Structure formats: structure tokens, C-alpha cells
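The values are calculated or read from the model by the stated rules, or taken from the named source; none is laboratory data. Keep in mind the model is a prediction, meaning the values are calculated, not measured. Neighbour counts are summed over all protein chains in view; Cβ atoms, including those assigned to glycine, are modelled from backbone coordinates with ideal geometry. We work out accessible area using only protein heavy atoms, side chains counted, and drop any ligands, DNA or RNA first. Shrake-Rupley method; radii C 1.70, N 1.55, O 1.52, S 1.80 Å.
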Amino acid sequence: MKKVIAITRGDGCGPEVVNEAIKILQIVSDFTDFDFELVEAPAGGEVWKKYGTNLPEKSFEIIKSSNALLFGALGLPDLPPGTAESAILKIRQGLDLYVNLRPVKLYNALRERCPLKDEFIGEGIDLTIVRENTEGLYKNIGSLEEDKAENIMLYTREGCERIIKYAFEYAKRNGHSKVTSVDKANILKPSQLWRKIFHDISKDYSNITTEDIYIDAFCQWLIRAPYKFQTVVTGNMFGDIISDEAAYLIGSLGMAPSGNIHPGRVSMYEPIHGSAPDIAGKGIANPVGTILSVKLMMEESFNSREIGNEIDKAVEDALQDGRTKDIKSRELKTLSTIEMGDLIANKLKGRLKA
Ligand code: IPM
Ligand code: MN
């Protein structure tokens, strides 16, 4: 099966982690029926400096005509905030990628790296944030004047319905028995619409338990009893914030993947971490979040749960042998970005050969 994958390496540590994820694609194409053609689609801060745009038209054309996009991270400290990053929003809006899928799983080997005490980790952390990705405060990025600035939190019925339905279908597919909706319906009008739609849609899924929690309370429950959550569906801004909180619970921001998805269309896969300029170029960034984004790509865009599962297992195996600095262990060798990528690639090779 031939697939064209657009590659946006981006800024900071982006190119380093994308390199490692490409090794995984290479192994998959060497040992399975998949055949990947990679096409570069540059975007971000470095590109802005050269061409005065963070997303050249040619790059967007390449992305649109590919089967999926593998994305590093954007942002440079010497540019005003947003100069590079708005390319991400252009892609999310331009391709109508309304789902931001963010699975957050604590591998057993990393239990010691979780900042929570054992009793709070309980039976473990394995939840998925389903973040609405095209509306809310991110929809029509607002205005900034000398003495006044605004963004409007806009939600439509259609926008709420499609993401909430997706969340229930995701829960069903993944054997989850509960969907949690996170909002701020005690204050915000869009949350009141959201909550009503959530309840209406939940009636079609009688086997799934539902709950709604206010965003502030959710932030507390997430560190108090993260094992309670399975599928969590929420709006754009809240989803952005709880993603970073959740990601640190699994040992490092560097561990968490994401998929920006419109089912059946070109979708974009990226680690949730940013360009991390403080560690860029040092060869110490953790490539796991990007590698797990390839896992998501295999599952969600290329319909191969099997290969996704093998990548997951390869990561799990590798974490027993060595780790990058952000998740280091006294007993194991601390690895560079490249060594970590090679280790996972070798584990995957071993598994796919067998
Ligand atoms: C994320 C990022 C982006 C967002 C930024 C870089 C625009 O933080 O993917 O979580 O806010 O969505
Ligand atoms: Mn974020």
C-alpha cells in the first residue's frame, strides 16, 4: 500500500525528533506491505525568516495532496509569539481537522517518573483527551489594539455535535465504559450549549456512562485520581491546557503524541510538546512523542491497529533498556535523541520480523 506522507520538520527540536520518527516509518515500510513516499513541506519560524510566510503555498499544496502529515514543532524565541505557531492553526482550520486526539498513557516502566505518589496513580493512567480543534477561542483569532484586545469563544451546534459524536465513537471503539465532558457551564454560554448537546448525544450510547465536570475541578481530579478517566471530551482552549498537565503525569511532555484528525481526510500527527528552543540542537530531546504520533497515524489514517500496537510495544520494550534525559533512570543508560530512536527502531524491527 503506497502512501504519501508530507513531512514538516519545523523549528527547534522539531527536526531532531522527526528524524527519529522517520526511522520508524522506514522500518514499517521495510517489513510490512506499506510503502511510504516522504515529501518535505517546510513551515514555521525558520521558513518565515526566509520567505516571509510561515506556511508557503507550495508546502500547503503538498500537505493537501498527501495521505497524512508528520509534523515536528514550530516556534522560535527570537520571533514574536505566534509568528511561527499560527501555521499550525492554518493547517488545522484549512484542513478542517476538528479532532485533536491526545492519548495519555503511563507506561509501567515510567511509573517512577510520574510526579504523583503511588496511591494517586492507583491502577494507572490511560486516558484520551478528545480536544475540539477548530472552534472556541481558536476560531477567528481576534483583534489586538493599543488599549483593547479580544477573542471570542464561538461554538456552533455542528461543531459541538461532530466532536462529541467522535468522542463517543472513539470510546466505543476502544472499549471505554465512560466519557467525561469538561466545560465551564456555570459561567460560559458556549459551555451551556456544549453540555446540552453532550447530554442529547449520550442518549444514543446507553452502554457508556457519562459525567460532566467543570474545567477547574477537572484539573484537580486529574492529579487526584487520574485512573478515573477514560475518554475525556472538551473544547479547544481547555483541551490545550489539560493536555500539558496530563502529559507531565506520564513522565515528560516529550512522551505525548497527538493526531489532528478529520476522519477520512488528510490528517496531521505531531508530538504535543513545542519546539523547546532551550534544548534544541543538543541531541537530548525525547523522540517518543513523535514516534507515538506515527503510531496514531498508522491507526487513525492508515487503519492499521496491528502496526500501531507493534510500535507501542517497541516503545514499551525500549523504555526498559534506555531513556532520554527527561525520563532518565539511575539504573539505565541515558540516551541521546538518536540513540533512543535507534533503540525503538531496532525493537520494532525485531517485532515485525518475527
Ligand atoms: C498545542 C500547541 C498549540 C495550541 C500552539 C503551538 C498553537 O500548544 O498543539 O497544544 O495551542 O494548540
Ligand atoms: Mn498546547
At a Förster radius of 22 Å, what calculated FRET efficiency corresponds to the Cβ-Cβ distance of residue 346 and residue 118, to the nearest 0.05?
-> 0.10
Which one of 17, 39, 182 has the biggest mean-square fluctuation once the chain is modelled by GNM with Cα springs under 10 Å?
-> 39
Give the shape of the range 176-284 as rounded, prolate or oblate, defined through the alpha-carbon gyration tensor: a ≥ b ≥ c are the square roots of its eigenvalues, a/c under 1.5 means rounded, and otherwise the shape is prolate if a/b is larger than b/c and oblate if not.
-> prolate
Probe 1.4 Å, all protein chains in place: accessible area of residue 333 in Å², nearest 10?
-> 130 Å²
Karplus couplings for the range 338-347 from phi (6.51 cos²θ - 1.76 cosθ + 1.60, θ = phi - 60°), rounded to Hz, Gly and Pro as x?
-> 5, 5, 5, x, 5, 4, 5, 4, 5, 4
Tell me, what HN-Hα J-couplings in whole Hz come from the Karplus equation 6.51 cos²θ - 1.76 cosθ + 1.60 at θ = phi - 60° for each residue of the range 301-313, using x for Gly and Pro?
-> 9, 10, 6, 10, 4, 4, 5, x, 5, 5, 5, 4, 5
Could you tally up the Lys pairs in the range 115-250 with alpha carbons closer than 26 Å? Skip any pair fewer than 8 positions apart unless they're on separate chains.
-> 29
Excluding ligands, DNA and RNA, what is the solvent-accessible area per residue of the chain at a probe of 1.4 Å, expressed in Å²?
-> 44 Å²
May I ask you to work out the translational diffusion coefficient for the range 310-349 at 4 °C, viscosity 1.567 mPa s, via Stokes-Einstein with Rh from the Kirkwood sum over Cα pairs, reported in whole µm²/s?
-> 131 µm²/s
Gyration tensor (alpha-carbon) shape descriptor, the range 115-250, a/c threshold 1.5 = oblate
Mind grabbing the accessible area of residue 132 for me, 1.4 Å probe, Å², rounded to tens?
-> 0 Å²
In Å, descending, principal axis extents of the Cα set of the chain | 51, 50, 40
Tell me which residues come under 5 Å, amide H to amide H, from residue 335 once H is placed; ignore anything under 5 positions away on its chain.
-> 323, 324, 325
For residue 293, solvent-accessible area (1.4 Å; no DNA, RNA or ligand), Å² | 0 Å²
Residue 199/residue 61 FRET efficiency (R0 51 Å; Cβ-Cβ; nearest 0.05) = 0.75
What percentage of the solvent-accessible surface of the chain, computed with a 1.4 Å probe over protein heavy atoms, is contributed by carbon and sulfur atoms?
-> 49 percent
